[in-house]
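Visitor: Sending over a structure as structure tokens; questions will come in a sec.
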Amino acid sequence: MNASASSLLETVEFETAPQPAWTVLWLHGLGADGHDFAPIVPELVRREWPALRFVFPHAPVRAVTINNGMRMRAWYDIVSFDFDALHAGNRADAAGVDESVAQVEALIAREGERGIPPEKIVLVGFSQGGAIALAAGLRRDRPLAGLAGLSTYLPLDPQRAAASLQPGATAQPLFMAHGQFDPVVPAPVGERSAETMKQLGFGVEWHRYPMAHQVCAEEIRDLGDWLAARFVG
């Protein structure tokens, strides 16, 4: 674990080889932590890829309304189970989303200080972490190498999403994948978010799998194919 400066989130990090040339910044889901997706690295990484640094930050601990105010690692508070509330702008805690986007931006800036520019950084997130990846991606004026949202949704209503969109953001390729039997974030919610991102101008690669709120081997393979295209681009 890397205990960073007080202004940065603590992270779990793994380098596939010395002197990494690329960074994959991966955000976990609600109630998990940075260790959650670290085991996926050996399954995902391919021999021909360049040296990578995987960075798995821990979200801050905060009270989560839908879990009876229990404190847990969360990128923002969720105040309603109702995904239709997204259109009213009152499901996700907007201040929490903004705070987490700023913390992700700080980690991206640190990678720049370590010699890896934004165009060699891929931002990935699962579930609530994916929501932050999408929200952060909208606001990137200097594009990242790519964005990936797994089993997730855009935590902003379409009007706020459009208002957040920066001129360079849509240059970022976007991979989105979802389980068709997901009981936590229903597949139509994820698909609607993918469609919103398309309407905003993003090039979206969309996948559905016969699974619940999880990842599967086929998804890891497809994500690997998509990442491979980024690394040679």
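The values are calculated or read from the model by the stated rules, or taken from the named source; none is laboratory data. Source: prediction; values computed, not measured. In this analysis, Cβ positions are derived from the backbone assuming ideal geometry, glycine residues included, and neighbour counts consider all displayed protein chains. Accessible surface areas use protein heavy atoms only, side chains included; no ligands, DNA or RNA. Shrake-Rupley method; radii C 1.70, N 1.55, O 1.52, S 1.80 Å.
Visitor: If r is the Cβ-Cβ distance from ARG142 to ASP225 and R0 is 30 Å, what FRET efficiency results, to the nearest 0.05? Mind dumping the intermediate values first?
Guide: Numbers: r = 26 Å, r/R0 = 0.85.
For R0 = 30 Å, the calculated efficiency reads 0.70.
Visitor: Please calculate the 1.4 Å probe accessible area of SER7, with all protein chains present, and give it to the nearest 10 Å².
Guide: Around 90 Å² of this residue is reachable by solvent.
Visitor: Find the Cα radius of gyration of region 35-132, compare it with 2.2 N^0.38 Å by division, and give the number to two decimals.
Guide: On the way: Rg = 15.9 Å, N = 98, 2.2 N^0.38 = 12.6 Å.
Rg over 2.2 N^0.38 Å, computed on Cα atoms: 1.27.
Visitor: Where the eigenvalues come from the Cα gyration tensor of region 146-212, what are the semi-axes √(5λ) of the equivalent ellipsoid, largest first, in whole Å? Spell out each step's value before the answer.
Guide: Values: eigenvalues 94, 34, 12 Å².
Listed largest to smallest, the semi-axes of region 146-212 are 22, 13, 8 Å.
Visitor: Compute the FRET efficiency between ALA171 and VAL61 as 1/(1 + (r/R0)^6), taking r as their Cβ-Cβ distance and R0 = 45 Å, and round to the nearest 0.05. Walk me through the intermediate numbers first.
Guide: Values: r = 35 Å, r/R0 = 0.77.
That gives a FRET efficiency of 0.85.
Visitor: Alpha carbon centre of region 128-190 versus region 39-59: separation in Å?
Guide: 21
Visitor: Convert each backbone phi in region 75-82 into a coupling constant with the Karplus relation 6.51 cos²θ - 1.76 cosθ + 1.60 (shift: θ = phi - 60°), then list the ³J(HN,Hα) values in order as whole Hz, x for Gly and Pro.
Guide: Along region 75-82, the couplings run 7, 6, 6, 10, 9, 8, 6, 7 Hz.
Visitor: Taking the Cα atoms only, what angle lies between the long axis of helix 187-199 and the longest principal axis of the chain, rounded to 10 degrees?
Guide: So the inclination is approximately 70 degrees.
Visitor: Quick check: the angle from helix 128-138's long axis to the longest principal axis of the chain, C-alpha only, nearest 10 degrees?
Guide: Once rounded, the angle reads 80 degrees.
Visitor: Moving on. So, R0 is 30 Å and r is the distance between the beta-carbons of MET70 and GLU105; what FRET efficiency does that work out to, to 0.05? Show your work: numbers first, answer last.
Guide: Details: r = 28 Å, r/R0 = 0.93.
Efficiency computed from Cβ-Cβ geometry: 0.60.
Visitor: For HIS207, list long-range residues whose amide hydrogen, built 1.01 Å from N in the peptide plane, is under 5 Å from its own amide hydrogen.
Guide: Residues meeting the amide H criterion: MET176, ALA177, HIS178.
Visitor: The chain: longest stretch without exposed trypsin sites (Lys or Arg not before Pro) (DSSP loop, at most 14 other Cβ within 10 Å), sites themselves excluded? If you can, show how the numbers build up before the last one.
Guide: On the way: sites that count: ARG46, ARG47, ARG114.
Between the exposed loop sites, the longest stretch runs 115-233.
Visitor: Turning to a different aspect of this structure: What is the helix-to-structure angle for 94-113, meaning the angle in degrees between its Cα long axis and the longest Cα principal axis of the chain, kept from 0 to 90 and rounded to the nearest 10?
Guide: Roughly 10 degrees between the two axes.
Visitor: Something else about it: Per-residue accessible area for VAL204 at 1.4 Å probe radius, Å² rounded to 10?
Guide: Result for VAL204: roughly 30 Å² accessible.
Visitor: Additional query: Which residues does a label at PHE83 reach in region 131-154, if reach means a backbone N under 12 Å from a point 7 Å past the Cα toward the Cβ?
Guide: It comes to 151-154, nothing else.
Visitor: Next question, about the same structure. In whole Hz and in residue order, list the ³J(HN,Hα) couplings for region 23-31 that follow from phi through the Karplus curve 6.51 cos²θ - 1.76 cosθ + 1.60, θ = phi - 60°; x for Gly and Pro.
Guide: Those phi angles translate into 10, 10, 9, 10, 9, 7, x, 4, x Hz.
Visitor: Moving on. Percent of accessible area on the chain owned by carbon and sulfur, 1.4 Å probe? All intermediate terms of the calculation are to be shown ahead of the outcome.
Guide: Values: 5040 of 9650 Å².
Reported share for carbon and sulfur atoms: 52 percent.
Visitor: Are there any GluC sites (Glu not before Pro) in region 1-61 that are in a DSSP loop and have at most 11 other Cβ atoms within 10 Å? List them by number. Don't skip to the answer; put the middle values down first.
Guide: Numbers: sites: GLU10, GLU13, GLU15, GLU43, GLU48; in loops: GLU10, GLU48.
Within region 1-61, the qualifying GluC sites (Glu not before Pro) (loop, at most 11 other Cβ atoms within 10 Å) are GLU48.
Visitor: For all pairs of alpha-carbon atoms in the chain, what percent lies in each bin of width 5 Å, listed from the first bin to the last filled one?
Guide: Once binned at 5 Å, the Cα pair distances of the chain give 1, 7, 15, 21, 22, 18, 11, 4, 1, 0.
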